[in-house]
1. I'm told VAL117 meets every condition in (1) assigned to a loop (DSSP other than H, G, I, E, B); (2) free of Cβ contacts under 8 Å to residues at least 40 places away in the same chain; (3) not acidic (Asp, Glu) except one. Can you identify the failing condition by its number?
2. Would it be correct to say that ALA153 is in a loop (DSSP other than H, G, I, E, B) and of a type in the set (A, V, I, L, M)?
3. When the residues of segment 119-171 are filtered to those that are among the polar types (S, T, N, Q) and farther than 23 Å from THR82 by Cα, which remaining residue is farthest from the chain's Cα centre (by Cα)?
4. Return the pairs, sorted by first residue and then second, in which the second residue is surrounded by 14 or more Cβ atoms within 10 Å (Cβ to Cβ) and in a loop (DSSP other than H, G, I, E, B), the first residue lies in segment 124-153 and is at positive phi, the beta carbons are less than 7 Å apart, and the residues are 6+ apart or on different chains.
5. Taking the condition at pLDDT below 95 and either of a type in the set (Ser, Thr, Tyr) or buried (at least 20 other Cβ atoms within 10 Å of the Cβ) (or both), does SER172 pass?
6. Within segment 71-94, identify whether any single residue is part of a strand (DSSP E or B), among the acidic types (Asp, Glu), under 19 Å from the mean Cα position of the chain (by Cα) and crowded, with 20+ Cβ neighbours inside 10 Å, and answer yes or no.
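The values are calculated or read from the model by the stated rules, or taken from the named source; none is laboratory data. Owing to the predicted nature of the structure, the values given are computational and were not obtained by experimental measurement. Here Cβ is always computed from backbone atoms with ideal geometry, including for glycine, and neighbour counts include all displayed protein chains.
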Amino acid sequence: MKQFKVLGWRFLTIIGLLLLASFLILLDAHPAIAQEKNVNYTYGDLQQQDFSHKDLEGGVFAAANMRGTNFEGSNLSYSILTEGVMLKANLKDADLTGSLLDRVTLDFADLTNAIFVDAIAIRTRFYDAIITGADFSNAVIDRYQVALMCEKAAGVNPVTGVSTRDSLGCHSPINNE
C-alpha cells in the first residue's frame with residue numbers, strides 16, 4: 001500500500017511540473033514576426049509591426065489588431081483577414097489576390113498599387129484610403145464602398161497594367177464639351 005502512495009505522489013508531482021511548465025511557456029508566448037507562409041495571427045495584437053516584403057501567402061490574420069502595421073510589398077495572397085482592424089496600415093504594393101477581407105477596417109490605409117484581384121471584401125470599409133493604382137479586378141466589394149472609391153480612383157497598377165477605375169467598374173465621367 002505504501003508503495004502505491006509513493007508512486008501516486010511521484011505521478012502527481014510529474015503532472016504538476018508538466019502543467020507548471022506548460023503554463024510558463026504559454027505565459028511567455030507572443031507572436032514573432034512572420035517569415036514564412038501560412039502563419040496564424042488570429043486575434044493577434046500586431047499594431048505598428050513591420051511585415052514589409054514578407055511572403056505571408058495563406059496567412060490568417062482574423063480579428064487581428066493591425067493598426068499602423070506595415071505590409072508594404074508583402075505577399076498576402078489567399079490570406080484571411082476577416083474582422084481585422086487595419087486602420088492607417090501600409091499595404092503599398094501588397095498582393096492580396098484571392099484574399100478574404102470581409103468586415104475589415106481599412107480606413108486611412110495606403111493601398112497604393114495594391115492588388116486585390118479576386119478578393120472578397122464585403123462589409124469592408126475603405127474610408128479615406130489611398131487607392132491610387134490599386135487593382136480590384138473581380139473583387140467582391142459592397143456597391144456603396146465602390147461608389148465612394150470611384151470618386152477618387154486614379155492610376156494604373158504597375159504589375160497588372162489595369163487602371164483602378166476600370167477594376168472598380170467606375171463609369172467614366174461624361175465629357176460635356
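1. (2)
2. When the stated conditions are applied, ALA153 passes them.
3. Applying the filter and picking the extreme gives SER163.
4. ASP128/ASP107; ASP128/PHE108; GLY133/THR112; GLY133/ASN113; GLY133/GLY155; GLY133/ASN157; ASN138/VAL117; ASN138/ASP118
5. Values: at pLDDT below 95: yes; either of a type in the set (Ser, Thr, Tyr) or buried (at least 20 other Cβ atoms within 10 Å of the Cβ) (or both): yes.
For SER172, the condition - at pLDDT below 95 and either of a type in the set (Ser, Thr, Tyr) or buried (at least 20 other Cβ atoms within 10 Å of the Cβ) (or both) - is met.
6. no
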